[in-house]
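Asker: I'd like to ask some things about the structure below.
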Amino acid sequence: MGYLGVAALVLAALLGAPLFSLILGAALLGFLLADIELAVVGIELYRIVDTPMLVALPLFTFAGYLLAEARTSERLVALVRALVGRFRIGLAVVAFIVCAVFTALTGASGVTIVALGALLLPALTSAGYDRSFSLGLVTSSGSLGLLLVPSIPLILYGIVAQQLDVGEPFAIVDLFLAGLLPLLIMLLALIVYAAWRFRDAPLPTQPFSARALGAALYAARYELPLPFLVLGGIYSGVFAVSEAAAVTALYVLVAEVLLYREVPLQALPRIIVASMKMVGGILLILGAALAFTNYLVDAEVPQRLFELSATYIESRWAFLLLLNVLLLLLGAILDVFAALVIMVPLLLPVAVEYGIDPVHLGIVFLANMQIGYFTPPIGMNLFIASYRFKESLLTLYAASWPFMLVLLIALAIITYVPWLSLVFVR
Amino acid sequence: MTAIGRWLARAEDALLVLLLLALIGVAAWQVLARNLFDGGLLWGDALVRVLVFWITMVGAMVAARSDEHIRIDLLARFLGPRSRAVTQRLAAAFAATICALLAWYSIEFVRYEYEDGTLAFGQVPAWLCQLVLPVGAGIMALRYLLQVRRPIASPERSD
């Protein structure tokens, strides 16, 4: 009976059944085998109501979709360009920073490549960067910023990890603090790579102009308070994360619809439905996963996994290395949300037994996912970029592997120097 | 049938819009009231969390409508269009079964709560807030059932 059920689930997974149905199926099967009344799935799903942090999800997602709809990306590029355009590889730096900020705001769902790619790719190539570099940059930076506030995958990691209640307890804000230095390491590595690659190339620079900066600042006048509101509010502790989300959603709504008037009122229902469709999908998976996690913990699966791995892997460092390999593979295959809800309940308890801090694991986990997004042959960003820029997948593989190498080096540093993630937290 | 489907789709969309606007309104009001005059609605936080649950279910219904739920389609990328149509039907049948099971067993859950007479917030009974679970799962089951009969070749993408 049990084997038959598992076989049916595996088959359904291979056929491409929706993820939520697979996890719900697994939870139902587990409860059935453990002689627990199946009505418990209803109770477990309804526990979404007991998790106040989840309020942040629909609110941040809606704000991100609105920002993507307005001309925020153009203003962001103009502003950062006015600030660092005078440096030799200024435009590449602009592109990295803007992609990171935009991905954090909109989630790594490919919006960055679609919305910013059209803007950055021609700007980069016309400024003298070769097409391969430009393509690689846009493709690989479409997931940069997964570690920056208010990244939704980071919030989700926190919720799943808190549910498991192993290791040293932490708050969601701790994750945002922990992500700062690792993101900075990644940005630095990328900037050094760009500087090295174009060390002899004649790249035109844009002389600093107070007037251009003033114009860019003025153009972004309604959006400028937003980062201070969100980052300042959360990091200073004035707002809880969910409160910051409410303020952000209201603020962005007012700014884009009433002040900039770039998003017409009639477009709102379409944007709301598109964004909430995504939120519904993610939260349903999360709810199902929370139910399944409870089953796993009851069945002591993480405990057995640790005993199994302890017989083969002794040191924490060897475990971290294997973890990276596993996560990179998963990141290429799975959507980040799927990877989070499936793997964190299994990996976190094992990692804690090896003495790894849950906050550090979250950062390592998402750094891996970020690279997995454009890992050949099937990272999602490669497909989106191929579709968006009408380039063959092979061209994109060739364009993005140097970026992958650079970020892998950054990943190694982030993995083996836990201090980077923990200095502001512990 | 198509007329009912279209009417239902419009109702789902409208409900989703109302739910999100209500969420933004109440959640933002709670923050402002708390910080400005240390007040806020007594049942505001509970309402906000129930709204998130409703958004989850209605959003999931809309996603099921256009078959846009996250899936791990490893195999599908290597299949031709004909075999893909077959796997899509089978996958939809699986999803329909699970949704139907969820609908059936969550009716029991809602009935227990109805008999207990639990209150969610204010005078609003909990079962009313939970009703969206069996109803939503039931409609999702129907949506997937329809896709078994006539799978969508290229899902509508709004982004």
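The values are calculated or read from the model by the stated rules, or taken from the named source; none is laboratory data. All figures in this text were calculated on a predicted structure; none of them were measured in a lab. Reconstructed Cβ throughout: ideal geometry from the backbone, glycine too, with neighbour counts over all protein chains shown. Just the protein is used for accessible areas: all its heavy atoms, side chains included, with ligands, DNA and RNA removed. Shrake-Rupley method; radii C 1.70, N 1.55, O 1.52, S 1.80 Å.
Asker: What's the number of the only condition in (1) within 30 Å of residue A:285 (Cα to Cα); (2) touching a residue at least 40 places away in the same chain (Cβ under 8 Å); (3) open to solvent by 10 Å² or more (accessible area, probe 1.4 Å); (4) more than 16 Å from the chain's Cα centre (by Cα) that residue A:105 fails to meet?
Answerer: The one condition residue A:105 does not meet is (4).
Asker: Can I ask one more? In the range A:111-128, which residues are surrounded by 23 or more Cβ atoms within 10 Å (Cβ to Cβ) and either hydroxyl-bearing (Ser, Thr, Tyr) or modelled with pLDDT of 90 or more (or both)?
Answerer: Result: A:112, single match.
Residues are listed down the side, and each one gets a yes or a no for (1) open to solvent by 20 Å² or more (accessible area, probe 1.4 Å); (2) facing chain A (nearest Cβ under 8 Å):
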position	(1), (2)
B:12	no, no
B:30	no, yes
B:40	yes, no
B:43	yes, no
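Asker: Something else about it: Can you tell me which of A:337, A:306, A:319 is within 14 Å of residue A:157 (Cα to Cα) and in a helix (DSSP H, G or I)?
Answerer: Result: A:337 is the single residue among A:337, A:306, A:319 that is within 14 Å of residue A:157 (Cα to Cα) and in a helix (DSSP H, G or I).
Asker: Surrounded by fewer than 24 Cβ atoms within 10 Å (Cβ to Cβ), of a type in the set (D, E, K, R), within 13 Å of chain B (Cβ to nearest Cβ) and over 30 Å from residue A:300 (Cα atoms): is that true of residue A:69 in this structure?
Answerer: yes
Asker: Moving on to the next point. Return the pair list, or none, for Cβ contacts closer than 6 Å from residues in the range A:17-41 that are within 10 Å of chain B (Cβ to nearest Cβ) to residues that are small (Gly, Ala, Ser) and open to solvent by 10 Å² or more (accessible area, probe 1.4 Å), at least 6 apart or on different chains.
Answerer: From residues that are within 10 Å of chain B (Cβ to nearest Cβ), the pairs are A:22/A:13.
Asker: Right, residue A:380: in contact (Cβ under 8 Å) with a residue 60 or more places away in the chain, of a type in the set (A, V, I, L, M) and open to solvent by 10 Å² or more (accessible area, probe 1.4 Å) or not?
Answerer: Yes; evaluated as a whole, the condition is true for this residue.
Asker: May I pose another question? Looking at the range B:98-114, I want the residues that are closer than 30 Å to residue A:13 by Cβ and facing chain A (nearest Cβ under 8 Å) and have a partner that is open to solvent by 80 Å² or more (accessible area, probe 1.4 Å) and small (Gly, Ala, Ser) with Cβ atoms under 6 Å, at least 6 apart or on another chain. Which pairs are those?
Answerer: If the second residue must be open to solvent by 80 Å² or more (accessible area, probe 1.4 Å) and small (Gly, Ala, Ser), no pairs are left.
Asker: Another one. All but one of (1) open to solvent by 30 Å² or more (accessible area, probe 1.4 Å); (2) under 30 Å from residue B:29 (Cα atoms); (3) at the interface with chain B (Cβ under 7 Å from one of its Cβ atoms) hold for residue A:14, so report the exception by its number.
Answerer: Among (1) open to solvent by 30 Å² or more (accessible area, probe 1.4 Å); (2) under 30 Å from residue B:29 (Cα atoms); (3) at the interface with chain B (Cβ under 7 Å from one of its Cβ atoms), residue A:14 violates only (2).
Asker: So, in the range B:26-44, how many residues would count as being polar (S, T, N, Q) and under 17 Å from residue B:121 (Cβ atoms)?
Answerer: Of the residues in that region, 1 qualify.
Asker: If you scan the range A:43-60, which residues turn out to be open to solvent by 10 Å² or more (accessible area, probe 1.4 Å) and more than 9 Å from every other protein chain (Cβ to nearest Cβ)?
Answerer: Scanning the range A:43-60 gives A:44, A:47, A:53.
Yes/no matrix, rows are residues, columns are (1) polar (S, T, N, Q); (2) surrounded by fewer than 22 Cβ atoms within 10 Å (Cβ to Cβ); (3) touching a residue at least 12 places away in the same chain (Cβ under 8 Å):
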{"residue": "A:329", "(1), (2), (3)": "no, yes, yes"}
{"residue": "A:341", "(1), (2), (3)": "no, no, yes"}
{"residue": "A:344", "(1), (2), (3)": "no, no, yes"}
{"residue": "A:355", "(1), (2), (3)": "no, yes, yes"}
{"residue": "A:358", "(1), (2), (3)": "no, no, yes"}
{"residue": "A:376", "(1), (2), (3)": "no, yes, yes"}
{"residue": "A:400", "(1), (2), (3)": "yes, no, yes"}
{"residue": "A:403", "(1), (2), (3)": "no, no, yes"}
{"residue": "A:413", "(1), (2), (3)": "no, yes, yes"}
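Asker: Name the one entry in A:373, A:354 that is more than 20 Å from the chain's Cα centre (by Cα) and not aliphatic (A, V, I, L, M). Can you show your working first?
Answerer: Details: A:373 fails: more than 20 Å from the chain's Cα centre (by Cα).
A:354 is the lone residue from the list that is more than 20 Å from the chain's Cα centre (by Cα) and not aliphatic (A, V, I, L, M).
Asker: Of all residues in the range B:58-76, count the ones that are within 7 Å of chain A (Cβ to nearest Cβ) and part of a helix (DSSP H, G or I). Full working, then the answer.
Answerer: Taking the range B:58-76 first, the residues within 7 Å of chain A (Cβ to nearest Cβ) are B:58-60, B:62-63, B:68-76.
Still in the list and also part of a helix (DSSP H, G or I): B:58-60, B:62-63, B:76.
Summing the residues that are within 7 Å of chain A (Cβ to nearest Cβ) and part of a helix (DSSP H, G or I) in the range B:58-76 gives 6.
Asker: Name the single residue, out of those in the range A:275-321 being crowded, with 21+ Cβ neighbours inside 10 Å and among the small types (Gly, Ala, Ser), that is farthest from residue A:19 (Cα to Cα).
Answerer: The selected residue is A:275.
Asker: Kindly check whether there is at least one residue in the range A:82-89 that is modelled with pLDDT under 85, among the hydrophobic types (A, V, I, L, M, F, W, C) and farther than 28 Å from residue B:56 by Cα.
Answerer: Scanning the range A:82-89 turns up at least one residue that is modelled with pLDDT under 85, among the hydrophobic types (A, V, I, L, M, F, W, C) and farther than 28 Å from residue B:56 by Cα.
Condition check ((1) in contact (Cβ under 8 Å) with a residue 12 or more places away in the chain; (2) surrounded by fewer than 19 Cβ atoms within 10 Å (Cβ to Cβ); (3) among the aliphatic types (A, V, I, L, M)) across all residues:
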{"position": "A:156", "(1), (2), (3)": "yes, no, yes"}
{"position": "A:170", "(1), (2), (3)": "yes, no, no"}
{"position": "A:175", "(1), (2), (3)": "yes, no, yes"}
{"position": "A:190", "(1), (2), (3)": "yes, no, yes"}
{"position": "A:197", "(1), (2), (3)": "yes, yes, no"}
{"position": "A:204", "(1), (2), (3)": "yes, yes, no"}
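Asker: Could you list all residues from the range B:107-128 that are of a type in the set (A, V, I, L, M, F, W, C), part of a strand (DSSP E or B) and either open to solvent by 60 Å² or more (accessible area, probe 1.4 Å) or farther than 19 Å from residue A:40 by Cα (or both)? Spell out how you get there, then give the answer.
Answerer: Pass one, the range B:107-128, residues of a type in the set (A, V, I, L, M, F, W, C): B:107, B:109-110, B:119-121, B:124, B:126-128.
Next cut, part of a strand (DSSP E or B) only: B:119-121, B:124.
Selection gives B:119, B:121, B:124.
Asker: Suppose we filter A:255, A:212, A:216 for residues that are open to solvent by less than 30 Å² (accessible area, probe 1.4 Å), over 30 Å from residue B:9 (Cβ atoms) and more than 14 Å from chain B (Cβ to nearest Cβ); which single one remains? Outline the logic, then answer.
Answerer: Numbers: A:255 fails: more than 14 Å from chain B (Cβ to nearest Cβ); A:212 fails: open to solvent by less than 30 Å² (accessible area, probe 1.4 Å).
That would be A:216, the only listed residue that is open to solvent by less than 30 Å² (accessible area, probe 1.4 Å), over 30 Å from residue B:9 (Cβ atoms) and more than 14 Å from chain B (Cβ to nearest Cβ).
Asker: Assuming residue A:78 fulfils every condition listed in (1) within 26 Å of the chain's Cα centre (by Cα); (2) open to solvent by 10 Å² or more (accessible area, probe 1.4 Å); (3) free of Cβ contacts under 8 Å to residues at least 60 places away in the same chain apart from one, which condition is it?
Answerer: Unmet for residue A:78, out of (1) within 26 Å of the chain's Cα centre (by Cα); (2) open to solvent by 10 Å² or more (accessible area, probe 1.4 Å); (3) free of Cβ contacts under 8 Å to residues at least 60 places away in the same chain: (3).
Asker: Just to be sure I understand, how many residues within the range B:68-82 are at pLDDT 85 or above and open to solvent by 30 Å² or more (accessible area, probe 1.4 Å)? Break it down stepwise before answering.
Answerer: Going residue by residue through the range B:68-82, those that are at pLDDT 85 or above are B:68-69.
Filter once more, so that each one left must be open to solvent by 30 Å² or more (accessible area, probe 1.4 Å): B:68.
Looking only at that region, the number is 1.
Asker: For the range A:254-284, which residues satisfy the criterion of being over 23 Å from the mean Cα position of the chain (by Cα) and in a helix (DSSP H, G or I)?
Answerer: Passing the criteria: A:254, A:255, A:256, A:257, A:258, A:259, A:265, A:266, A:267, A:268, A:269, A:270.
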